[in-house]
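Novice: So that we are looking at the same thing, I have put the structure below in structure tokens.
The values are calculated or read from the model by the stated rules, or taken from the named source; none is laboratory data. These numbers come from a predicted model, not from an experiment. No Cβ is skipped: glycine too gets one built from the backbone with ideal geometry, and neighbour counts run over all protein chains shown. Surface areas here come from the heavy atoms of the whole protein model, side chains and all, with no ligands, DNA or RNA. Shrake-Rupley method; radii C 1.70, N 1.55, O 1.52, S 1.80 Å.
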Amino acid sequence: MISDLRVAKTATFHQANRAFSKTAVINLFRSIRRSHPTAANNLFEHHRVEVGPAPSCWSAISFLYDRPPSFFIEGAGVNERICGFLLIVEHRDHVAIFKSRLEVPSAFATRYLGRIPPERVDVAVARQDAVFEKIRLRNMSLSKHAMRSKAFEADDLRNVVGPAASRRYIPQGYSVRSGTDHFSTTPSTGRIAQRSDRVDHIALVNYAQSVINKLIDGVDAPASFIGTFARPVDLATGAGTATLVSFGVDAAGLADAIFDREEVRLVRENAGVYHALTKAQVEEVLDELASVLEVRPKGKLFGLHNPANGSWVGALALNKTRIVLRTLLLPLSADVAIESTVYPIGQDDNRQTLRQYLNNRNGFIVLFDDLALAYIDGTLFRDEGITDGGTTFLRYLLTDPLLDAVTDEKGTFTPTHTVFDPDSTFGVVVNSVANGDDVLVCDDLGDEWADFIGLNSTSNPRRISFYHAKHGNLSLGASPFHVSVSQAMKNLGQMSLPAEPVRRKLPGWSVNYVSGSSVQTAIPRIVQGTAAGLEDAFKQARNSPDAIRRVFIVTSSLSYAAVEANFAHIANGGRPDPYFVQLYWLVLSYVSACSEMNAFGYVVCRP
């Protein structure tokens, strides 16, 4: 029956942790069948069939089984008939797995299947002559307010993606063409696919052998385009003396597996019976997992601590090849397990604790006190662009001495107030930061795009500016920036000044400012310009194809001198505070997000 098999050339490749045996393969196939109690007789089953001149062999199994449809409730008594197959190719101490609707049990994978370093995948797939057509990128930031991922697609990405768009991102997957061949890969999982017609099992074996030979024997550096992104480095040597400082679960990736791909479900056990969590309960767990934890060395392990109260909630182990999540005991998720949706609730024999699931899939990010490093998807990455002692970061910080005297974000309000208090951040925006704007409106409260929106119609080209004003105590941490960065990033799309939304805002801009506590003031929302000319001014700015767009976070909680001194401390061998590491990544993520929307992002702070 296997002679009738026809599938595409798509496989995951692994290093073999230990040699396979016929007994091991037989036990694997039995384990897979046991996980499907309704399995019918095998359509085919083959154990370690030798093939080719090199010492290679293949094994395969296929059978039918029943599965409840995902769109019926548990106990509906309706099943669908599923056919799955698994083909394993062994070659030169490596393994290729082709599969559909059958999974390798985690216990077998842990014992027999090792990970191929992503840099070897790059060497095998992203060869010197490769032309990149698609790439999917992941941000190295831990912040939930930063853009987590992005993708590009073009006939040749070298012509449309420059270094500014690639900084602080790692490639999660990409597609290339090399001559007449097209390949796609996910380096972190070892998945490599070649575009082809559906082929028989012998052609699959030949394909697996060819790819494994390239993984082992490839010596040329990958295409230069891939080098513009953060690159994988060896954990044992790449981290050097750097210390782990921050840990975060890839909660977005877990949410995608639960809600979008519907691959897994969250369950809890009660009196020996497993129950699926409701959507609301899942959301609570995901919110908890999204918090960034502080990492503190403790003996041979690294403790995970809640930064709010310092409580211990878990531990990491730093091995030669990977970081292991040893313990994770957050209040809401400590008793949560994860099942595959292939099985009815409570019947997944390969059910894992949440900690096991995250550890096995490397579903977390770790940052170091070396700002260039980030451990993502089980690999240590270094952004070679972050080696300038803070020069890149500092150029996005502007100073305004008026912020030294600020005592409040908006100031006090009375019915007789005609201007914002000069010792408020709002006052500093009006009196200093927005100088040069011949149109300035206060868009605070309600459906706000920014605290202030400014236009300069006399400059050539025109300027469009969004101002986000915040106040806080001096700090080198990320906490004061989370809200303002979130607001700035979510409203970047509004910098095109869409006509209808602007028209709806005009009546609100034409009246005096009403404070959040409902104080009716005499402060005009139109700080510069006139109500009669406002719509036309926005229309002219909107229709200017070369308009410069700027975003400013104006804050009294940050000092340029303190940031500069901290970078000098790091350059002299000092270790940065973990919260400064988070601040660093958060601000650069904000700047990068602005750049991707054809805008320039800045932070205006104290001198």
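Novice: Only one of Ser184, Ser175, Ser196 is open to solvent by 40 Å² or more (accessible area, probe 1.4 Å), within 21 Å of Val7 (Cα to Cα), touching a strand residue (DSSP E or B) at 6+ places or on another chain (Cβ under 8 Å) and outside any helix (DSSP H, G or I); which?
Specialist: Criteria check complete, one pass: Ser196.
Novice: Does region 130-145 contain at least one residue that is at pLDDT 75 or above and in a loop (DSSP other than H, G, I, E, B)?
Specialist: Within region 130-145, one or more residues are at pLDDT 75 or above and in a loop (DSSP other than H, G, I, E, B).
Novice: Within region 420-430, which residues are open to solvent by 10 Å² or more (accessible area, probe 1.4 Å) and in contact with a helix residue (DSSP H, G or I) (Cβ under 7 Å, 6 or more places away or on another chain)?
Specialist: Selection gives Phe420, Asp421, Pro422, Asp423.
Novice: Is there any pair with a first residue in region 437-452 that is within 17 Å of Lys410 (Cβ to Cβ) and a second that is open to solvent by 10 Å² or more (accessible area, probe 1.4 Å) and part of a strand (DSSP E or B) whose Cβ atoms are under 6 Å apart and which are 6 or more apart or on different chains, and what are they?
Specialist: Short answer, once both residue conditions are applied: Leu440/Val527; Leu440/Gln528; Val441/Ile526.
Novice: Follow-up. May I ask you to say which residue of Val406, Val419 is touching a residue at least 60 places away in the same chain (Cβ under 8 Å), over 30 Å from Ala236 (Cα atoms) and in contact with an Asp or Glu (Cβ under 6 Å, 6 or more places away or on another chain)?
Specialist: Of Val406, Val419, the one residue that is touching a residue at least 60 places away in the same chain (Cβ under 8 Å), over 30 Å from Ala236 (Cα atoms) and in contact with an Asp or Glu (Cβ under 6 Å, 6 or more places away or on another chain) is Val406.
Novice: Quick one: Gly173 ticks every box in (1) within 30 Å of Leu586 (Cβ to Cβ); (2) out of contact with any Lys or Arg (no Cβ under 6 Å at 6 or more places or on another chain); (3) at pLDDT 90 or above bar one, so which box is it?
Specialist: Unmet for Gly173, out of (1) within 30 Å of Leu586 (Cβ to Cβ); (2) out of contact with any Lys or Arg (no Cβ under 6 Å at 6 or more places or on another chain); (3) at pLDDT 90 or above: (2).
Novice: Which of the following residues is closer than 14 Å to Leu497 by Cβ, open to solvent by less than 40 Å² (accessible area, probe 1.4 Å) and either of a type in the set (Gly, Ala, Ser) or at pLDDT 95 or above (or both): Gly454, Gly472?
Specialist: Gly454
Novice: Still on this structure: Surrounded by 20 or more Cβ atoms within 10 Å (Cβ to Cβ) and either in contact with a Ser or Thr (Cβ under 6 Å, 6 or more places away or on another chain) or hydrophobic (A, V, I, L, M, F, W, C) (or both) - does that describe any residue in region 270-283?
Specialist: no
Novice: Output the number of residues of region 485-523 satisfying the condition of being within 11 Å of Val441 (Cβ to Cβ) and either in contact (Cβ under 8 Å) with a residue 40 or more places away in the chain or aliphatic (A, V, I, L, M) (or both).
Specialist: Selection size over region 485-523: 6.
Novice: I would also like to ask the following. Just wondering, is there one or more residues in region 223-238 that are under 30 Å from Ala337 (Cβ atoms) and within 21 Å of the chain's Cα centre (by Cα)?
Specialist: Yes.
Novice: Exactly one condition in (1) under 22 Å from the mean Cα position of the chain (by Cα); (2) assigned to a loop (DSSP other than H, G, I, E, B); (3) more than 30 Å from Phe98 (Cβ to Cβ) is not met by Glu262; state its number.
Specialist: Here Glu262 meets the rest and fails (3).
Novice: Filter region 484-513 down to the residues that are of a type in the set (S, T, N, Q), under 20 Å from Val439 (Cβ atoms) and open to solvent by less than 20 Å² (accessible area, probe 1.4 Å) and list them by number.
Specialist: The answer is Asn491, and nothing else.
Novice: Related question: Just one of (1) surrounded by fewer than 19 Cβ atoms within 10 Å (Cβ to Cβ); (2) touching a residue at least 12 places away in the same chain (Cβ under 8 Å); (3) farther than 26 Å from Phe381 by Cβ trips up His201, so point out which.
Specialist: (1)
Novice: Sticking with this structure for a sec: Given the options Phe466, Phe368, Phe393, Phe381, name the one that is hydrophobic (A, V, I, L, M, F, W, C), open to solvent by less than 40 Å² (accessible area, probe 1.4 Å) and either at pLDDT 90 or above or over 22 Å from the mean Cα position of the chain (by Cα) (or both).
Specialist: Among Phe466, Phe368, Phe393, Phe381, only Phe466 is hydrophobic (A, V, I, L, M, F, W, C), open to solvent by less than 40 Å² (accessible area, probe 1.4 Å) and either at pLDDT 90 or above or over 22 Å from the mean Cα position of the chain (by Cα) (or both).
Novice: In region 65-123, what count of residues is obtained for those that are over 30 Å from the mean Cα position of the chain (by Cα), assigned to a loop (DSSP other than H, G, I, E, B) and within 19 Å of Gln209 (Cβ to Cβ)?
Specialist: The qualifying residues number 2.
Novice: Shifting gears a bit: For Ala522, state whether it is in contact with a strand residue (DSSP E or B) (Cβ under 8 Å, 6 or more places away or on another chain), surrounded by fewer than 18 Cβ atoms within 10 Å (Cβ to Cβ) and either outside any helix (DSSP H, G or I) or among the small types (Gly, Ala, Ser) (or both).
Specialist: It is true that Ala522 is in contact with a strand residue (DSSP E or B) (Cβ under 8 Å, 6 or more places away or on another chain), surrounded by fewer than 18 Cβ atoms within 10 Å (Cβ to Cβ) and either outside any helix (DSSP H, G or I) or among the small types (Gly, Ala, Ser) (or both).
Novice: Mind listing whichever residues of region 213-238 are of a type outside the set (Lys, Arg) and within 23 Å of Arg361 (Cβ to Cβ)?
Specialist: Matches in region 213-238: Leu215, Phe229, Ala230, Pro232, Val233, Asp234, Leu235, Ala236, Gly238.
Novice: For region 543-563, state whether one or more residues are of a type in the set (Ser, Thr, Tyr), open to solvent by 50 Å² or more (accessible area, probe 1.4 Å) and in a strand (DSSP E or B).
Specialist: Checking region 543-563: not a single residue is of a type in the set (Ser, Thr, Tyr), open to solvent by 50 Å² or more (accessible area, probe 1.4 Å) and in a strand (DSSP E or B).
Novice: Which residues, counting only those in region 222-242, are at pLDDT below 85, assigned to a loop (DSSP other than H, G, I, E, B) and of a type outside the set (Gly, Ala, Ser)?
Specialist: Scanning region 222-242 gives Phe229, Asp234, Thr241.
Novice: Condition check: in contact with a Ser or Thr (Cβ under 9 Å, 6 or more places away or on another chain) and modelled with pLDDT of 90 or more. Does Leu398 satisfy that?
Specialist: Criteria not met by Leu398.
Novice: Please specify each residue of region 529-542 satisfying the condition of being among the aliphatic types (A, V, I, L, M) and either out of contact with any Leu (no Cβ under 9 Å at 6 or more places or on another chain) or outside any helix (DSSP H, G or I) (or both).
Specialist: Within region 529-542, Ala532 is the sole residue that qualifies.
Novice: Modelled with pLDDT under 95 and in contact with a strand residue (DSSP E or B) (Cβ under 9 Å, 6 or more places away or on another chain), is that true of Val160?
Specialist: So Val160 fits the description; yes.
Novice: Where the second residue is modelled with pLDDT under 95 and open to solvent by 70 Å² or more (accessible area, probe 1.4 Å) and the first is farther than 14 Å from Arg351 by Cα and lies in region 272-287, which pairs have Cβ atoms under 7 Å and are six or more apart or on separate chains?
Specialist: That search, which allows pairs on different chains as well, returns Glu284/Leu332; Val285/Leu332.
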